[in-house]
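The values are calculated or read from the model by the stated rules, or taken from the named source; none is laboratory data. Remember, predicted model here, so these are calculated numbers, not experimental data. Neighbour counts run over all protein chains shown; Cβ positions are idealised from the backbone, glycine included.
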Amino acid sequence: MNVYDSERMADALMPSGYMPTDAVEDADMVILNTCHIREKAAEKVYSDLGRLRGLKKRASEEQNRDMLIAVAGCVAQAEGAEITRRAPWVDMVVGPQTYHRLPELVAKIDPEARTRLVDTEFPAEVKFDFLPEEQAPRGPAAFLSVQEGCDKFCSFCVVPYTRGAEFSRPAQQIIAEAKRLAASGSKEITLLGQNVNAWHGEAEDGKSWGLGRLIREMADIEGIERLRYTTSHPLDMDDDLMTAHRDVPALMPYLHLPVQAGSDRILAAMNRRHTADDYLKIIDRLRELVPHIALSGDFIVGFPGETDRDFADTIKLVDTVKYASAYSFKYSARPGTPASSDDAQIDEQVKSERLSALQQLLDAQQLAFNRNCADTKMVVLMEKQAGRDGQLSGRSPFMQSVYVDAPIDEIGKMKQVIITDTRQNSLSGEFV
Ligand code: SAH
Ligand code: SF4
């Protein structure tokens, strides 16, 4: 979602004359769009700000030019005052729900007076109603935020505090944005939300829609060939959404469905409000509907109070599901969340050991899934130039990165590819 938000920040600023640049030292304004989900992500902000301080100083001393520095995103939301205290060279701080105001903030900055602006309120107005339309094409595969924030309050998670309350964009607004993306050449759209499958809306027909219905509607938009959505919560995985995987050819056979842990005791302590068995039932149903669906998940190891036995339950669940890919993290205590004040914090060493055991298993499953694709044909949406000259990369239906030697004018096309090589994190192939 930060990628999407960054694109929208550029949209917001382009009418004031700003253009995106890859050369940070040339920039008149640098926005760090930040993540607060784990401590590691948040810490990175301060080291990046240290580097930007030098660039700002050089722009001023050597070129007599002011470089504005802004911090946006969830670290900005959570630590606005702290940022301006620790990094007084930051000119403005803007939260995830106020970045549509960036042009106003820029206009208010007076470099002589060294004003610092902090706008991290949760405003009554909705940013989507104020952002200008996309100012640049998004490429073959685009993101589209449909839902934001969260009311679930898992005991480890900062999202409800940084992104705010659960909010669904109106269906008509989403469809209009999707049509514009398709018209500008995007063929794949990934619908985004912190709890994307909690999306609900009143449609023009007066009926209440869920995400399954929205996806069915979006699949009819001319030019949209592929749809994905992320991230889902097991509690909101309703049957209409699951059957959409069977009924809607454009909906890709891939689902990222985090479970976090395999122990019911830990799931309860996390306030996930479902059991391991509830999760496995959803997986069974999905596989009944789409036998070849690729599954991905998120896992946290070392949640407060997690015993060896609890961790063994996570391993057991992973063994049962067999993931095509997954993300796993050491529990990170986040300020203000209930779990962070739990006395039973787990030793870092134990967390590291559990993480590496889990990742070993998940890596083996991913490799097995990828190996299984050898010599098969699949449709790949060619997205961009890869690292090596003459090579392009794209995504398989199952979200794997696929590398093909091909000329640059194949970017944006859906191509039949035969898979000739499989690796831990990617595949290679040739056009059929
Ligand atoms: N809404 C999604 C997840 C959003 S956060 C869900 O409920 O599943 C993305 C991922 O970050 C989570 O799935 C979780 O695995 C990880 N995460 C969140 N808070 C964390 C914390 N305090 N420590 C470690 N990992 C965390
Ligand atoms: Fe965080 Fe997801 Fe739980 Fe919401 S449902 S609190 S975003 S982990």
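Data table
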| read-out | value |
| --- | --- |
| Members of region 420-432 that are more than 13 Å from Arg395 (Cβ to Cβ) and either touching a Cys at 6+ places or on another chain (Cβ under 8 Å) or in a strand (DSSP E or B) (or both) | Thr420, Asp421, Thr422, Ser428, Glu430, Phe431 |
| Cβ-Cβ under 7 Å pairs, at least 6 apart or on other chains, region 326-346 side touching a residue at least 40 places away in the same chain (Cβ under 8 Å) and not assigned by TED's automatic domain parsing to the domain that holds Thr231, far side in a strand (DSSP E or B) and more than 10 Å from ligand 1 (Cβ to nearest atom) | Ala326/Ser296 |
| Residue list for region 141-171, restricted to those being of a type outside the set (Val, Ile, Thr), within 16 Å of ligand 1 (Cβ to nearest atom) and not in a loop (DSSP other than H, G, I, E, B) | Phe143, Ser145, Gln147, Glu148, Pro160, Tyr161, Phe167, Ser168 |
| Any hit, region 121-140, residues being within 16 Å of ligand 1 (Cβ to nearest atom), crowded, with 20+ Cβ neighbours inside 10 Å, of a type outside the set (Asp, Glu) and under 30 Å from Gly394 (Cβ atoms) | no |
| For Arg265: the one exception among (1) away from ligand 2 (no atom under 16 Å from the Cβ); (2) within 26 Å of Met399 (Cα to Cα); (3) out of contact with any strand residue (DSSP E or B) (no Cβ under 8 Å at 6 or more places or on another chain) | (2) |
| Selection from region 198-227 of residues that are in contact with an Asp or Glu (Cβ under 7 Å, 6 or more places away or on another chain) and touching a residue at least 60 places away in the same chain (Cβ under 8 Å) | Glu225, Arg226 |
| Subset of region 26-45 (residues that are within 23 Å of Phe156 (Cα to Cα) and either surrounded by fewer than 20 Cβ atoms within 10 Å (Cβ to Cβ) or more than 22 Å from the chain's Cα centre (by Cα) (or both)) | Cys35, Ile37, Arg38, Glu39, Lys40, Ala41, Glu43, Lys44 |
| Test result for Thr243, surrounded by fewer than 18 Cβ atoms within 10 Å (Cβ to Cβ), hydroxyl-bearing (Ser, Thr, Tyr) and in contact (Cβ under 8 Å) with a residue 24 or more places away in the chain | yes |
| Residue in region 285-314 that is surrounded by the most Cβ atoms within 10 Å (Cβ to Cβ), counting only those that are part of a helix (DSSP H, G or I) and either of a type in the set (Lys, Arg) or in contact with a Pro (Cβ under 9 Å, 6 or more places away or on another chain) (or both) | Arg285 |
| Condition met for Arg114 (surrounded by fewer than 20 Cβ atoms within 10 Å (Cβ to Cβ) and on the phi > 0 side of the Ramachandran plot) | yes |
| Breaking point among (1) away from ligand 1 (no atom under 16 Å from the Cβ); (2) modelled with pLDDT of 95 or more; (3) farther than 30 Å from Ile315 by Cβ, for Lys281 | (3) |
| Residues of region 269-284 that turn out to be without any contact (Cβ under 8 Å) to a residue 60 or more places away in the chain and either more than 25 Å from the chain's Cα centre (by Cα) or in a loop (DSSP other than H, G, I, E, B) (or both), as a count | 5 |
| Selection within region 172-210 - part of a loop (DSSP other than H, G, I, E, B) and out of contact with any Phe, Trp or Tyr (no Cβ under 9 Å at 6 or more places or on another chain) | Ser184, Gly185, Ser186, Lys187, Gln194, Asn195, Glu204, Asp205, Gly206, Lys207 |
| Pair list, Cβ under 6 Å, 6 or more apart: region 169-191 residue within 12 Å of Ser145 (Cα to Cα), other residue surrounded by 16 or more Cβ atoms within 10 Å (Cβ to Cβ) and among the charged types (D, E, K, R) | Thr190/Arg228 |
| Residue match in region 34-54 (condition: charged (D, E, K, R) and more than 27 Å from Gly336 (Cα to Cα)) | yes |
| Positions within region 315-356 being within 16 Å of ligand 2 (Cβ to nearest atom) and in a helix (DSSP H, G or I), in sequence order | Pro338, Ala339, Ser340 |
| Single residue of region 248-260 satisfying the filter (within 12 Å of ligand 2 (Cβ to nearest atom) and in a loop (DSSP other than H, G, I, E, B)) that is farthest from Thr190 (Cα to Cα) | Val259 |
| Residue match in region 192-214 (condition: farther than 17 Å from Lys127 by Cα, within 11 Å of ligand 2 (Cβ to nearest atom) and not hydrophobic (A, V, I, L, M, F, W, C)) | yes |
| Breaking point among (1) under 27 Å from the mean Cα position of the chain (by Cα); (2) of a type in the set (Lys, Arg); (3) under 30 Å from Phe329 (Cα atoms), for Arg86 | (1) |
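Every residue, every condition in (1) of a type in the set (Asp, Glu); (2) touching a residue at least 60 places away in the same chain (Cβ under 8 Å), yes or no:
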| position | (1), (2) |
| --- | --- |
| Arg53 | no, no |
| Asn64 | no, no |
| Cys74 | no, yes |
| Gln97 | no, yes |
| Leu102 | no, yes |
| Glu121 | yes, no |
| Leu131 | no, yes |
| Pro137 | no, no |
